[in-house]
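A.B. asks: Right, I'll just put the structure down here and ask away after.
What follows is calculated from the coordinates using simple rules that are stated; it is not laboratory data. These numbers were taken from a predicted model, which means no experiment stands behind them. In this analysis, Cβ positions are derived from the backbone assuming ideal geometry, glycine residues included, and neighbour counts consider all displayed protein chains.
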Amino acid sequence: MDASLVLTVISDDKPGLVESVSDIISQHGGNWVESSMARLSGKFAGILHVVIAEEEADQLDQALQNLVEHGIRVMVERSEDIPEVSTERQMKLDLCGTDRIGIVHDVSQILAERNVNVDDLQTECSSAPMSGKEIFRATAKLGLPATVDLDELRAALEKIASDLMVDISLDDVDV
């Protein structure tokens, strides 16, 4: 039987980080299934899914923990077969506006109150070309349960967009 592991990796950004982690995974017969990694504020952070033979999982975990000697911290969590969150509709949320504290919290609160699942979230801040102000952008893939009133969700997002002075759109995910 195989073990399904979710790894979180963080380190100061430097060449060879992915190679170091992937080398240990390969040495232990693990299969790197999927990942999302990025350089953030001088750090390199990532999350990845590895499948490995059950009898090799603990040894892989120990070998990954030894990377701390090279400044790479790895947290390993076993993933059980948890049923997917039941969603009837996939939507894409796009948000853009002047950056300020609390944007992600305010929008995610509206989603959580309606049991909307955030399947994927990408955010970034960049300088506006003319004003130099920080612009915050977010793109999220959402899973909406059948019980969500789409018109009510849109109205709640439009209200928060007005309060936050950002643009928010909610569209069906392209299939």
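A.B. asks: Can you pull out the trypsin sites (Lys or Arg not before Pro) in the stretch 21-105 whose DSSP state is coil and whose Cβ has at most 14 other Cβ atoms within 10 Å? Don't jump to the answer; show the numbers that get you there.
C.D. replies: Values: sites: Arg39, Lys43, Arg73, Arg78, Arg89, Lys92, Arg100; in loops: Arg100.
Passing sites in the stretch 21-105 are Arg100.
A.B. asks: Pull up the cross-link candidates among the aspartates and glutamates for Lys159, meaning alpha carbon to alpha carbon under 19 Å and not fewer than 8 places away within one chain.
C.D. replies: Within the straight-line limit of under 19 Å, Lys159 reaches these aspartates and glutamates: Asp94, Asp99, Asp106, Glu113, Asp149, Asp151, Asp167, Asp171.
A.B. asks: Continuing with the same structure: By count of other Cβ within 10 Å, fewest leading, how are His49, His105, His28, His70 ordered?
C.D. replies: Numbers: His49 15, His105 8, His28 19, His70 11.
Least to most surrounded, the residues fall as His105, His70, His49, His28.
A.B. asks: Taking the number of other C-beta atoms within 10 Å as the exposure measure, put Met165, Met1 in order starting with the fewest. Before the final figure, lay out each step's value.
C.D. replies: On the way: Met165 9, Met1 5.
Neighbour counts put them in this order, fewest first: Met1, Met165.
A.B. asks: Separate question: For Lys14, which aspartates and glutamates qualify as cross-link partners when the Cα separation must be under 19 Å and same-chain residues fewer than eight apart are set aside?
C.D. replies: Asp23, Glu69
A.B. asks: Provide the net charge surrounding Asp120, with neighbours chosen by a C-beta distance below 10 Å and charges set as Lys +1, Arg +1, Asp -1, Glu -1.
C.D. replies: On the way: positive: Lys92, Lys141; negative: Asp119.
Computed value for this residue: +1.
A.B. asks: Now for a separate question. Would you pull out the residues with amide H under 5 Å of Asp13's amide H, same chain only if 5 or more places away, H placed 1.01 Å from N?
C.D. replies: Lys43, Phe44
A.B. asks: Per the Kirkwood treatment, what hydrodynamic radius in Å, one decimal, follows for the stretch 108-175 from the mean inverse distance over all distinct Cα pairs? Each step should come with its number before you reach the end.
C.D. replies: Values: mean 1/r = 0.0742 Å⁻¹.
Answer for the stretch 108-175: a Kirkwood hydrodynamic radius of 13.5 Å.
A.B. asks: Could you pull out every residue, at least 5 positions away or on a different chain, whose amide H is within less than 5 Å of the one on Asp99? Hs are placed 1.01 Å off N in the peptide plane, and Pro or chain starts have none.
C.D. replies: It is Glu134, Ile135, Phe136, by chain and number.
A.B. asks: Taking just the alpha-carbon atoms of the chain, what radius of gyration and Dmax come out, in angstrom?
C.D. replies: 19.7, 58
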